1. Considering every pair of different Cα atoms, what Kirkwood radius, in Å, is found for the range 79-176?
2. Within 10 Å of each residue's Cβ, count the other Cβ atoms and sort 11, 31 from fewest upward.
3. When a footprinting reagent is the concern and you count Cβ atoms within 10 Å, what order do 51, 172 take, fewest first?
4. Counting helices only, and only those DSSP H runs with n ≥ 4, report the 222 nm mean residue ellipticity of the chain as the sum of -39,500 (n - 2.57) divided by its residues, in deg cm²/dmol to the nearest 500.
5. Based on the alpha carbons, how large is the Rg to Rh ratio for the chain when Rh follows Kirkwood?
6. To check you understand DSSP bridge types, tell me what percent of the beta bridges within the chain (both residues inside) are antiparallel, rounded to 5.
7. Can you figure out the FRET efficiency of residue 168 with residue 8, using R₀ = 35 Å and their beta-carbon distance, to the nearest 0.05?
8. Hull surface divided by four, with the convex hull built on the Cα atoms of the range 15-117: how many nm²?
Ligand SMILES: Cc1cc2nc3c(=O)[nH]c(=O)nc-3n(C[C@H](O)[C@H](O)[C@H](O)COP(=O)(O)O)c2cc1C
């Protein structure tokens, strides 16, 4: 396999959810690159029904009580990923609103970039959205999809085996 291609696949094999972080800030240039990945992400009909709140420093201290996992409190940075359903594409056939899908795509792309930057991330869905909204002043018409915790991992990311279903169980060839 070509070297560049091998590096690409290794990147996805290194990614894992990180729950212990060093108390080390994420450099400004790295953060900017991550935010640009969010901006450039694909979305249904290019509606971009998203907002991302960058939380660090004192603001992060204020947000920390929403985390039940202690390790997330050490992370220097988090990005609160929000959807604005009224701005999203809706599939006519069944009325499905694609806001959460679009936000999830942007975040997943950013997580790939963060991994390439040597950063660890964790997607945190188990929060109380009402509490997050209150602390950060998020309006009612916005959904809090997740908080992405970001920072330098205590242990370096390595390619590892994963506890996953076998391909035969999840891939259907040609028909169900
Ligand atoms: C939509 C979503 C929600 C998640 N919510 C949480 C969460 O609230 N707390 C947490 O510690 N991990 C959370 N995770 C991380 C998963 O537990 C993790 O991705 C899964 O166990 C696979 O492990 P890996 O990411 O290390 O490959 C979430 C992941 C996803 C994709």
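None of the figures in this text is laboratory data; all of them are computed from the coordinates on show. In this text the structure is predicted, and so the values were computed from the model without any measurement. We place every Cβ from the backbone using ideal geometry, glycine too, and count neighbours over all the protein chains shown.
1. Taking every pair of different Cα atoms in the range 79-176, averaging 1/r and inverting gives 16.3 Å.
2. Fewest-to-most Cβ neighbours within 10 Å comes out as 11, 31.
3. The order, fewest Cβ neighbours first, is 172, 51.
4. It comes out at -10500 deg cm²/dmol, rounded to the nearest 500.
5. 0.99
6. Antiparallel: roughly 95 percent of the beta bridges in the chain.
7. Once the sixth-power term is evaluated, E becomes 0.90.
8. 7.6
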